[in-house]
Amino acid sequence: MRRTVVFAAIAGLLTAPALARNSNVDPDAPLSGMVAVRLADPSAAGVQATTLPEYVKALVEIIAQGGTLPEGAEFPLANTSDDTVRSITGTAHNVVARWLDPLTRDTSPEAPHYGANNDYIAYFGDGWNDDWPNGDQVQRHPQFSGDGTSGWIWTNHEYVSNAQPATTSAPNGQHLTLAKYLEQVGVLTK
C-alpha cells in the first residue's frame, strides 16, 4: 500500500515550546515551518479510504451533500488565532523542519538552516522522470510524481517579514527573532 503524505508550508504557526529542537531559538517566537500530514485513521470520520487524497475527497463529498460527520470529527477545520498546528480528523501530522533548524549535522551559524516564510513545497519522488525519453523531454509534471516513499523535497523561501531594523529603530517581528538567534550563536553582540 502506498502512503500519501502531504507537505504544507506554514508561516508563523509553529511555536518553539512544542517544538524545542534548536536551543538557540527564542522559545516564545512564532516560526514558519514545514509539516507533513498523513492518513492515520479514516474510520474516525466514518470514511473508507486508503490514501489521503481519497479521504479528503470523501469528506468534501459528505459535506457537499449536506451529510454529517461522527461526533468529534471536524472538517473543514475552524479558524483559530492561536499558534498551534492542527490537522483534520483521521490524519496525523509531524513537523519536518521549522525556521532556523539546521539542515545538516553541522549546527554552526555558517551551516545551512531552514529558511523563513516558505510559500511553496514540492515532493519529487525517486524516479520522478522515469517516463521521460533520455531523461530530458518533459512527459509529465515532476512535482509529486515518482516513488511515494522516498525522494526529495523542494522548499521555496521568501524574505524575513516585518520592517528591517535601522540605525534609529530596533528589530521587531521576525527580524527580532533572527537577531536574538544570531546573538545566541555569537554572530551579533550588544
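The values are calculated or read from the model by the stated rules, or taken from the named source; none is laboratory data. For clarity, every value in this text was computed on a predicted model and none was experimentally measured. With ideal geometry, Cβ positions are generated from the backbone for all residues, glycine too; neighbour counts draw on all protein chains shown.
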- Item | Scan of region 78-99 for residues that are touching a residue at least 40 places away in the same chain (Cβ under 8 Å) and charged (D, E, K, R), ordered by number | Asp83, Arg98
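Any residue at all in region 98-108 that's part of a loop (DSSP other than H, G, I, E, B), among the aliphatic types (A, V, I, L, M) and surrounded by 11 or more Cβ atoms within 10 Å (Cβ to Cβ)?
Step one: of region 98-108, the residues part of a loop (DSSP other than H, G, I, E, B) are 99-101, 103-108.
If we keep only those that are among the aliphatic types (A, V, I, L, M) as well, we get 100, 103.
Next, only the ones that are surrounded by 11 or more Cβ atoms within 10 Å (Cβ to Cβ) stay: 100, 103.
Checked against the condition, which is being part of a loop (DSSP other than H, G, I, E, B), among the aliphatic types (A, V, I, L, M) and surrounded by 11 or more Cβ atoms within 10 Å (Cβ to Cβ), region 98-108 yields at least one hit.
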- In region 141-187, what residues are part of a loop (DSSP other than H, G, I, E, B), free of Cβ contacts under 8 Å to residues at least 60 places away in the same chain and exposed (fewer than 13 other Cβ atoms within 10 Å of the Cβ)? His141, Ser150, Tyr159, Ala163, Gln164, Thr167, Thr168, Ala170
- Near pairs, Cβ below 6 angstrom, 6+ apart or cross-chain, from region 35-47 (over 18 Å from Val85 (Cα atoms) and surrounded by 16 or more Cβ atoms within 10 Å (Cβ to Cβ)) to any residue that is modelled with pLDDT under 90 and acidic (Asp, Glu): none
- Message: I'd like to check something: does region 70-85 contain any residue that is hydroxyl-bearing (Ser, Thr, Tyr), in contact with a strand residue (DSSP E or B) (Cβ under 9 Å, 6 or more places away or on another chain) and at pLDDT below 85?
- Response: yes
- Looking at Gln137, is it loosely packed, with under 12 Cβ neighbours inside 10 Å, among the polar types (S, T, N, Q), over 30 Å from Thr177 (Cα atoms) and modelled with pLDDT under 80? yes
